[in-house]
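Single-structure report; data block below.
The numbers here are math on the coordinates, done by the rules we state, and not lab data. All of these numbers come straight from a predicted model, not from anything done at the bench. Glycine also receives a Cβ, built like all others from the backbone with ideal geometry; neighbour counts cover every protein chain displayed.
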Amino acid sequence: MIDLRSDTVTKPSAQMKEFMINAPVGDDVFSEDQTVNELQEFAANYFGKEAALFCSSGTQTNQIAINVHVQPGGEVICHEESHIYKYEGGGIARNSGASVRLLTGDRGRLNVETISKWINNPEDVHFPLTQLISLEDTANRGGGSIYDIEEIKKISSFCKENSLPLHLDGARLMNALVETKIDPKEYAKYFDSISLCLSKGLGAPVGSLLIGSSNFIKKSRRIRKVFGGGMRQAGIIAAGGLFALKNNVDRLIDDHHHAKMLEATLNELKWVKNVFSVQTNIVVAVLEVPEKRDEIISEMQKNGVRIMAFGPGMIRMVTHLDISLSEIQIVQKVLCDLKV
C-alpha cells in the first residue's frame, strides 16, 4: 500500500533505529539525558537561538508556547485555518484560558496589513488584550504554502513595535527552508518562539522541538511538566530526531519534486477542477464533482494508494521519504486509469 495520507506515516529507517538503540540516556526531567541535551543544543545552534526543549508532539510545543506568551483572558491572532486553532482540541481555551482572533489570508498565510487592523486597544476594557501573533509555515491547510520572508520581516517588525511576541508553528518549516534556501538562522531571528516537528517529513518516529531564548525555554520546561510532558530516558526517541536533523533535511527536495509530478498528472484529469499550486510536499486537488470525493478515495485504496479527504470536494496527497520515484509513477498511473 502506497500511503500518501500524510507525512506523519513515515517509519524510522534501519540506520535511524540503530542510532536510537545505541543512544546514551538519562533522566531528562533532571536534564541528565545526554542525547536529549545534544538534540536540544544542536537545534538551538542550527537556528541561532539560545535554547530548545524536546517535547512529545507539535501540539504540545505549540500549546506550551502559547501558555508562556499569553495570560488568561488574552487573545491570540492566527489564521482561521491554522493548526493551533483547528487541530489542537481547543487547547488555547482549555490550557491557557485565551480567546482567538481568526483572520483570513491567502492559502493560510497572514500579512501585516490584516494583522494590524485587529490589535485591540489596551485601554478599552470591552476587548481582550492582544498578546500573541502566530504564523504557520508551511501552511498545512494552504496546501503546503510557504511564507514570503519579506512578509515575515514586516510582521516581525510590527510585533516588535507593538511589544507582541511572534510564534511560529513550523511543523513543516524544514520543507520551506529547503525550498527557499533561506538560512535557518536568518529565518529564525524574526520569531520569539518556533515549534519544529521531527516526525513528519524528517522521518523521526515521535517528537517536536520548541526553540527560543533561554528564559523562554526555562519557562517552557516548567509548563511542559505541568502539561504532563516530562519524560525520563527520552534519549531513545530524541535520537531519532537528532538523526533526522543531521541526515534527512536536504532530501526533502525530492519529496517536493514528487509532489510536483502528482500535481502535473492531476491537472490533466477531467474529474479534477483545479489543483493548489504545489510549493512543497502537499498536493491538494479540488474535484469537478464534490460528491465524488469519497468514491475516489475508496477507488484509490482499492488500487493500492491511500489518500485522504481535505474538506468538501477536496482530496490531499502528501509525499515523504517512504515514497520512492517508482511509487509516484505507480500513483500517476492509478490516477490516470481511475474511472470517475
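Select from region 257-315 those GluC sites (Glu not before Pro) which occupy a DSSP coil region and have at most 15 other Cβ atoms within 10 Å, ordered by residue number.
Answer in residue order: Glu268, Glu288.
Pairs of alpha-carbon atoms within less than 8 angstrom and 6+ residues apart define the contacts here; what relative contact order does the chain have, in percent?
Once divided by the residue count of the chain, the mean separation gives 24 percent.
Debye sum, Cα scatterers, region 251-337, no solvent: what log₁₀ I/I(0) at q = 0.13, 0.14, 0.23 1/Å?
Each listed q corresponds, in turn, to -0.36, -0.42, -1.19.
Scan around Ser6 for amide H atoms under 5 Å from its own, H built in the peptide plane at 1.01 Å from N, and keep only partners 5 or more places away or cross-chain.
Val318
If the chain between Ala93 and Gln34 were fully stretched, how many nm would it gain, using 0.36 nm times the residue separation less the Cα-Cα distance?
Gain on extension, Ala93 to Gln34, equals 17.7 nm.
Round to the nearest 0.05 the FRET efficiency obtained for Lys292 and Ile149 when R0 = 45 Å and r is the Cβ-Cβ distance.
Calculated value: 0.70.
What does DSSP give for the chain in terms of the percent of beta bridges that are antiparallel, rounded to the nearest 5?
55
Could you work out the Kirkwood radius for region 113-157, taking every pair of different alpha carbons, averaging 1/r and inverting it, reported in Å?
About 12.5 Å for region 113-157.
Which value in nm describes the separation of the simple spin-label points at Glu18 and Phe127, placed 7 Å from the Cα toward the beta carbon?
5.9
Test of the criteria: in region 222-329, which trypsin sites (Lys or Arg not before Pro) are in a DSSP loop and have at most 13 other Cβ atoms within 10 angstrom of their Cβ?
Passing both the DSSP loop test and the Cβ count: Arg232, Arg251, Lys270.
Between Asn215 and Arg5, with labels modelled 7 Å along Cα→Cβ, what's the label distance in nm to one decimal, could you check?
Going from the Asn215 label point to the Arg5 one covers 4.4 nm.
Ranked from highest to lowest mean number of other Cβ atoms within 10 Å per residue, what is the order of the peptides 52-61, 70-79?
52-61, 70-79
In debye to the nearest 20, how big a dipole does the chain give about its Cα centre with +1 on each Lys and Arg Cβ and -1 on each Asp and Glu Cβ?
Value, rounded to 20: 400 debye.
Starting at the first residue of region 194-204, write each ³J(HN,Hα) from the Karplus equation 6.51 cos²θ - 1.76 cosθ + 1.60 with θ = phi - 60°, in whole Hz, x for Gly and Pro.
Working through the residues one at a time gives 9, 9, 10, 8, 9, 9, 9, x, 6, x, 6 Hz.
Restricting attention to the alpha-carbon atoms of region 133-193, what are Rg (one decimal) and Dmax (integer), both in Å?
Answer for region 133-193, Rg first and Dmax second: 11.1, 31 Å.
Ranked by Cβ crowding within 10 angstrom, fewest neighbours first, how are Met16, Met1, Met317, Met308 ordered?
Listing Met16, Met1, Met317, Met308 from fewest to most nearby Cβ atoms yields Met1, Met308, Met16, Met317.
If the viscosity is 1.002 mPa s and the temperature 20 °C, what translational diffusion coefficient in µm²/s does Stokes-Einstein give for the chain when Rh comes from Kirkwood over Cα pairs?
The Stokes-Einstein estimate is 103 µm²/s.
For the pairs Lys154/Lys273; Lys11/Lys302; Lys86/Lys292; Lys189/Lys273, flag any whose C-alpha to C-alpha distance is greater than 28 Å.
Lys154/Lys273; Lys189/Lys273
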